[in-house]
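Each remark here refers to the structure printed beneath this line.
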Amino acid sequence: MGYKKTSLFLLACCMLTNIFCQTPALQQLDSLAGKYMRALKSLGGEKIWLHTDRPVYRVGDIIFFKGFVTNALSGKPSRQSHILFVDMVDEQDRTINHAILNAAQFKTDGSFILPDTLSSGHYWLRAYTNKSLQQKQDPMHVQAIYIINSLKPDSHDLSVKKNTTASISVADDSVRVQFFPEGGTMVGGANTLLAIKTTDQNGKPMPVSGFVKDNQDSVVASIQTDSSGLGKIQFFCWTWRTYQLHLTRNNKPALRYKLPTVNLFGAQVAVIEKEGIRRLRVVLEDSIFRKDKTSFVLGISGDSLCFSGVGRGSFDLVIPEYRFPKGIAHFLLFDDQMNFLSERSLYIPGNETTVTLTSDKQNYVAREKVSITLQVSDAANKPQVASFMVEVNDISREAFYEPIKPMKTGSVDKTLSMEQWDLYLLTQPTGFNRQVLPLLKQTAPIISDIEEIDSSLYIQGKVLDDRNRPLPKKIITLFGDAKNKLFTTDTTDAYGRFQFPFTAYDDKTKFNLQVSDFSGRLVAAKIDLDTLLHYPKVVTPAVLKQRFMIEEIETVRKAMIIQSKKDTVLQKRGKEWLADVTVTGLVKKDLGYDVKKRQSLFSKIIPPEVLARMSGNSLGNAIFRVPGIHLRNGYVTVTGGNSFTIGAAAEPMVIVDGVPISSDTSDKLSGSEPSPVLLALNRIDPSTVEFIEVLTGPEAAMYGVRGGNGVIIVNTRSRMLPDDANKINGIRNLVVNGFHVPENFEQRDYSVKEIRNTKIPDTRTLLFWNGDGLTDNEGKANISFYAADAATTYTVTVTGITASGVRFQKQLQVSRK
């Protein structure tokens, strides 16, 4: 079919691409590639996977977990969704625990504490986003766990009787055969490859052997399927002949199956190996074959275009495997009208990501620090930024942590040979681009999936009077607790609405809202908040609720009992226990505020009892109780400050919970000249203030030049009053749900002498866990932990994903001699 001539033509095309890039065929190829990739990326989609520190727990334990959200096509870490939801459900799909994680910032590690009210049994962790739930494929990831409670045994029937399950009785000679033509179609006038899959009537793989005959009774090929029921048939296919598969049997007539008929108008993209190099071969059926017929080939990996080619008639193309990342690549054939003709998938084995773990030494003594270096590089040895989790387990107690395989995993074995990979891909239903093809015919521009701002964590609502009428042009001030140190304001619109567009804050954050006018006086009003954060209503697909074998659960349970007995240390009183000590002394008067918050022993304090007696007075009036603070020409001045200057520039600095407050006066009333300091203070509800500290002397120098005029430090209460939405007093305290804060993994710090010398035995089985690891720009990260007491071997397991979307897992063993 003129392959040599065609190859010369393709070489000439490549040269022209570099020189002119103006030939119509190449312009059409560029247009097709660009439109296809825009359509592909517009589909978006997410894939989620979840790791836990182990599969079996006891009540009272902590489940540590790490979630990964990736692009469904490229496999790269995705930030399309702002929130990743993770929850734990029981047999009835009731939610036991739930958490929202910050997927946009890749903060997707968490923990659940298991209450002792749980019964023994299977439970499941689910991870999903609002976006993934809209997908037909992989809407969520479900991870099975098992919880043991000796006081509440499992009420479900967990008995597993081996070899007692009655199988469906079928005839020995019943074989189901599926045919998978390479490229999706049978093409005449060329060598043809078909993959076949043979199973019994129950879908179980069945190895068979046989041969293929044409309608002229000639044997054209033989076949032998492997233990997975997969095999290949290859022969030269004639357009006007029919073919039949004969499966041989012992002393019985052969079973016969008709092969797919030749597509008279078909085209095919096939993979061949020539002189040790894998190539693509484009074959056109005899009835449509023309030497001048142009067709195009695109090579896709994930969401990236790695290869494109154009040719006429039937032709060959060398596959540039160095351009493709390791994994599955899809080769698509189109005609000159952008009509899809054929598809072939191929596994690319090279371009490995290199992950190394190196310890500072091989053997360690008890309670010694272990330091490990992680290095991640790509195939070209360039550093890779990667997100990862790390866990360190005692190998002698592997029954606690060794992954227990569910009864049915349905996953692909990653150790497949190249031949097995090819059989696997040939027998998978085609349709990688099934959703993309309709978009290619659209005349409207294709809009790629753009990250949208998630308003779930906004704090917004409206301000109403006692008759539920909106109050416009009111100042609403928001204070955060001592941890968040927030201080911000907004003005209500004509409908009384306000909004604080927060995108991140911790779970159970305490906020205080209060309403005032432009003079800073509190306004009697009701604050009605919107509910923006909604947990999706999710039903777990039954097929995802996998279970463990009861024998494996029993093995872990017995190991836990043995370890609990070892960990129980019974010591005689007086030998290791300290004697009772009675301490006598004077009891200091409770000052009513947290003394640790005080910045200087020489400062002046407005204590809580003074603030409590102020009743409806504003906070601005309170500061004039401090000696040395005066009001000059409407501005606050501090004796000892810059007394030669009068105005806003000479006013003291105001700090609320560690946050300096801006001296902006743009919202003051027209015709008045209020002090910026008084304006800021009067917006603060006195009932939310713990105490006020005023720095008037040299101690204010710690705050820089602005501190030279004095400093007023307002410390709000760390524990706010409970939310009362019905009060019409212009004040509302609230506790809101935010991003989950995982429990700290506690390990003993043996760098402290007193802890290192303690005689309390260290019998930890999980030595270390960190679900929030990230390599630096050099692809490196340092991991450190302390060895326990028992002489054993530790397994360090690092699981993660690179910025380019390569998933990896690496293990290292170190010894505790």
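Cβ-Cβ distance below 6 Å, separation of 6 or more or different chains: which pairs start in segment 351-369 with a residue that is under 16 Å from residue 390 (Cβ atoms) and end on one that is of a type in the set (D, E, K, R)?
From residues that are under 16 Å from residue 390 (Cβ atoms), the pairs are 355/810; 357/810.
Quick check on residue 559: is it at pLDDT 85 or above and either over 24 Å from residue 687 (Cα atoms) or part of a strand (DSSP E or B) (or both)?
It is false that residue 559 is at pLDDT 85 or above and either over 24 Å from residue 687 (Cα atoms) or part of a strand (DSSP E or B) (or both).
Going residue by residue through segment 233-251, is there one that turns out to be part of a strand (DSSP E or B), at pLDDT 90 or above and basic (Lys, Arg)?
No, every residue in segment 233-251 fails to be part of a strand (DSSP E or B), at pLDDT 90 or above and basic (Lys, Arg).
Working only within segment 317-328, note down all residues that are at pLDDT below 90 and either at positive phi or assigned to a strand (DSSP E or B) (or both).
Selection gives 327, 328.
State whether the residues of segment 438-445 include one that is touching a strand residue (DSSP E or B) at 6+ places or on another chain (Cβ under 9 Å) and either at pLDDT 85 or above or not small (Gly, Ala, Ser) (or both).
yes
Which number in (1) farther than 19 Å from residue 342 by Cβ; (2) open to solvent by less than 10 Å² (accessible area, probe 1.4 Å); (3) touching a residue at least 40 places away in the same chain (Cβ under 8 Å) marks the one condition that residue 225 misses?
Only one criterion in (1) farther than 19 Å from residue 342 by Cβ; (2) open to solvent by less than 10 Å² (accessible area, probe 1.4 Å); (3) touching a residue at least 40 places away in the same chain (Cβ under 8 Å) is unmet by residue 225, namely (3).
Regarding segment 778-786, can at least one residue be identified that is among the hydrophobic types (A, V, I, L, M, F, W, C) and closer than 17 Å to residue 385 by Cβ?
There is at least one residue in segment 778-786 that is among the hydrophobic types (A, V, I, L, M, F, W, C) and closer than 17 Å to residue 385 by Cβ.
Counting just the residues of segment 380-420 that are open to solvent by less than 30 Å² (accessible area, probe 1.4 Å) and in contact with a helix residue (DSSP H, G or I) (Cβ under 7 Å, 6 or more places away or on another chain), which one comes out modelled with the lowest pLDDT?
404
Could you tell me which residue of segment 757-807 is farthest from residue 352 (Cα to Cα), considering only residues that are of a type in the set (D, E, K, R), open to solvent by 50 Å² or more (accessible area, probe 1.4 Å) and part of a loop (DSSP other than H, G, I, E, B)?
759
Would you mind finding the one in 575, 537, 565 that is at pLDDT below 80, part of a loop (DSSP other than H, G, I, E, B) and surrounded by fewer than 11 Cβ atoms within 10 Å (Cβ to Cβ)?
575
If you take the residues in segment 319-363 that are among the aromatic types (Phe, Trp, Tyr) and out of contact with any Leu (no Cβ under 8 Å at 6 or more places or on another chain), which one is most open to solvent (accessible area, probe 1.4 Å)?
322
So, restricting to strands (runs of 3 or more DSSP E) that lie completely within segment 464-521, which ones have at least 2 residues that are touching a residue at least 60 places away in the same chain (Cβ under 8 Å)?
475-480, 487-491, 509-516
Anything in segment 489-513 that is at pLDDT 85 or above and under 19 Å from residue 679 (Cα atoms)? List them, or say none.
489, 490, 491, 492, 513
Is at least one residue of segment 265-272 within 19 Å of residue 189 (Cα to Cα), out of contact with any strand residue (DSSP E or B) (no Cβ under 7 Å at 6 or more places or on another chain) and either assigned to a loop (DSSP other than H, G, I, E, B) or of a type in the set (Phe, Trp, Tyr) (or both)?
Checking segment 265-272: at least one residue is within 19 Å of residue 189 (Cα to Cα), out of contact with any strand residue (DSSP E or B) (no Cβ under 7 Å at 6 or more places or on another chain) and either assigned to a loop (DSSP other than H, G, I, E, B) or of a type in the set (Phe, Trp, Tyr) (or both).
Can you tell me which residue among 557, 497, 469 is open to solvent by 70 Å² or more (accessible area, probe 1.4 Å) and within 30 Å of residue 123 (Cβ to Cβ)?
The unique qualifying residue is 557.
If you check every pair at least six apart or on different chains, which have Cβ atoms under 7 Å apart with a residue in segment 526-554 that is hydroxyl-bearing (Ser, Thr, Tyr) first and a residue that is open to solvent by less than 50 Å² (accessible area, probe 1.4 Å) and part of a strand (DSSP E or B) second?
Hits for this filter: 535/85; 540/89; 540/124; 540/126; 540/142.
Filter segment 29-71 for residues that are out of contact with any Ser or Thr (no Cβ under 7 Å at 6 or more places or on another chain), over 30 Å from residue 559 (Cβ atoms), hydrophobic (A, V, I, L, M, F, W, C) and surrounded by fewer than 19 Cβ atoms within 10 Å (Cβ to Cβ) and give the result.
37, 43
The values are calculated or read from the model by the stated rules, or taken from the named source; none is laboratory data. Remember, predicted model here, so these are calculated numbers, not experimental data. As a convention, Cβ positions derive from the backbone with ideal geometry for all residues, glycine included, and neighbour counts pool all protein chains shown. These area figures cover heavy atoms from the full protein model, side chains too; ligands, DNA and RNA do not enter into them. Shrake-Rupley method; radii C 1.70, N 1.55, O 1.52, S 1.80 Å.
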